[in-house]
Amino acid sequence: MSLGMVHRKELQKRRSRRIWSFIKFVTVIGVFGGIGYYSYEAGISVAKEEVLLWKSRHDSQVAENDQLKIELGKDKATVDQLSQLLPNDEIRQLIAVVTAKANSGVELSRMENIIAGITKDAQCSGEIDTKRFVILTPVSPEASSTASFYRGLITLAGTGSATINENGNPEAWFDTTKEITVNFLLPGGDKQEVGGTLPLYHSVITDGQEYRFSVTAGRTGFVDASVQQCDL
C-alpha cells in the first residue's frame, strides 16, 4: 500500500472522529439545554403559583382587616354610647355590682325594688353598735367565732390566713396585711360574702332597712365590726 493511501485513510479516520465528537457535543448540549429549559419553565410555573397564592392571601388579609376596622368602628360607637350613659366611675361601679349580684343569682326585680325605694334624704340612727369576733385561720384553736346584731338579724363570721412567725411557723391569729373573708348571715339562710384587706365596708339591706357595716382590725386575732341602721 502506498504512503498516499495510508495518509488518506488516516485523514478520514480523524475526520470521522471529529464528526462524532461534534455530534456527541451537540447531543450533550441539547440534552442539558432541554433539561435547563424544562427546569426554567417549571421554576417559572412554581413561581407564578406562589405569587398567585401570596396575592390571594394578601387579598384575604386585606378583606379581614377591612372587616375588623368596620367591627372596631361599631365597637367604638357602642363604647362611646355606653360612656354617655355611664358618665362617671361611681355609676360604672354600681353597674358592676348589680351585674355581679345578678350573676350570683340575685333577682333583678328584687334589686330594682330596693334601689327604687332608696331616697337621698335617708335618715340614719345616731347609735352605732360595735362587737368583736375572731377571724379564724386553719390553725385557730376556736371552732367558731361570730358577732350577732339586732337580736340575731345579722350575724358576722370571718376567715383569714395565719400569721407566719420568724421561724416560718403559722401562729393562731390571722395576718392583718392579707385578705380576709367576712360572711354576713341573714335569716332564712341567706349569706353575703365580702373579701379584701382591712378595713372592709358593706351594706346589708333587709326588712326595709339598710345596715352599714365597717370591719376594722382589733386586738391580736380579732376584728371590730361596727354597724349603723339607716332608712332607705
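Tabulated values for the structure
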read-out	value
Filter result (within 14 Å of residue 156 (Cβ to Cβ) and surrounded by fewer than 16 Cβ atoms within 10 Å (Cβ to Cβ)) within the stretch 200-211	201, 203
Some residue of the stretch 93-105 being surrounded by 10 or more Cβ atoms within 10 Å (Cβ to Cβ), assigned to a loop (DSSP other than H, G, I, E, B) and modelled with pLDDT of 85 or more	no
Pairs, first exposed (fewer than 15 other Cβ atoms within 10 Å of the Cβ) in the stretch 170-192, second aromatic (Phe, Trp, Tyr), C-beta under 7 Å, six or more apart	191/184
Any chance residue 216 is at pLDDT 95 or above, more than 30 Å from the chain's Cα centre (by Cα), farther than 20 Å from residue 131 by Cβ and in a strand (DSSP E or B)	no
Failed condition for residue 122, given (1) farther than 30 Å from residue 169 by Cα; (2) part of a loop (DSSP other than H, G, I, E, B); (3) at pLDDT 90 or above; (4) small (Gly, Ala, Ser)	(3)
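Here's the yes/no breakdown for (1) of a type outside the set (A, V, I, L, M); (2) surrounded by 10 or more Cβ atoms within 10 Å (Cβ to Cβ); (3) modelled with pLDDT of 75 or more:
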| residue | (1), (2), (3) |
| --- | --- |
| 19 | no, yes, yes |
| 23 | no, yes, yes |
| 32 | yes, yes, no |
| 43 | yes, yes, no |
| 49 | yes, yes, yes |
| 57 | yes, yes, yes |
| 62 | no, yes, yes |
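The values are calculated or read from the model by the stated rules, or taken from the named source; none is laboratory data. Computed from a predicted model, the values in this text were never measured in an experiment. Reconstructed Cβ throughout: ideal geometry from the backbone, glycine too, with neighbour counts over all protein chains shown.
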